Amino acid sequence: AMCCFTGQANEDWSYTGMIQNEQNIMNDVGDEETTFQRAFINGRVGGVKVEAGRNNASILGGEILSHRADRVKAAYGKDITLAVEGGKLASDTGAKTYVLDEVKDEVVAKTGTSVGEEYYAVSLAGKVGKLGLEAAYIDYKEDSTLKEDNNIWALAANYRFDQDWAVRAAYLQGDVEN
């Protein structure tokens, strides 16, 4: 279960929080866990839009990164937006999923792992009519899957036919070869 709350600190700044409770309803052990999943502020400093705290980081529409992070993001521009962000990816260490242990024939909690450490990103995005274009660079430290740092360059384009239909293409190039 999730409980979200929002509020206004003043006319320029707002805050958002989310508490999440996870329970295994397959047993009577009481191994539930309640965690603070989101806590961030949004506001403006002059013409720069700022977001700071723990929230979901989504870079290049989530194609490069879509994960909870402790971060600061600054974005400037309306039709053409330059965004710079950096932070630390939040660990999944406390997150539990429940799986069936076929040997023991019981449901057990499985604890996740961290997906990486710090990251820094810059992106430039804009629209020309129904065509959207974006370029992004991310410096991703200690990727847990690749077991090393990864720097990724990306270009994306999307065309929106109407409110319900769009097509998107992206090219990503990392400096790690698999």
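No other residue among 92, 70 is surrounded by 15 or more Cβ atoms within 10 Å (Cβ to Cβ), acidic (Asp, Glu), modelled with pLDDT under 95 and part of a strand (DSSP E or B) apart from 70. Count of the stretch 19-38 residues, restricted to those that are farther than 15 Å from residue 68 by Cβ, part of a strand (DSSP E or B) and in contact (Cβ under 8 Å) with a residue 24 or more places away in the chain, is 1. Put simply, of 6, 113, 16 the only residue that is at pLDDT below 85 and out of contact with any His (no Cβ under 6 Å at 6 or more places or on another chain) is 113. Just one of the numbered conditions (1) part of a strand (DSSP E or B); (2) in contact (Cβ under 8 Å) with a residue 40 or more places away in the chain; (3) surrounded by 13 or more Cβ atoms within 10 Å (Cβ to Cβ) is not true of residue 61: (1).
The values are calculated or read from the model by the stated rules, or taken from the named source; none is laboratory data. Note that the structure is predicted; figures quoted are calculated from it, not measured. Note: ideal-geometry Cβ built from the backbone for every residue, glycine included; neighbour counts use all protein chains shown.
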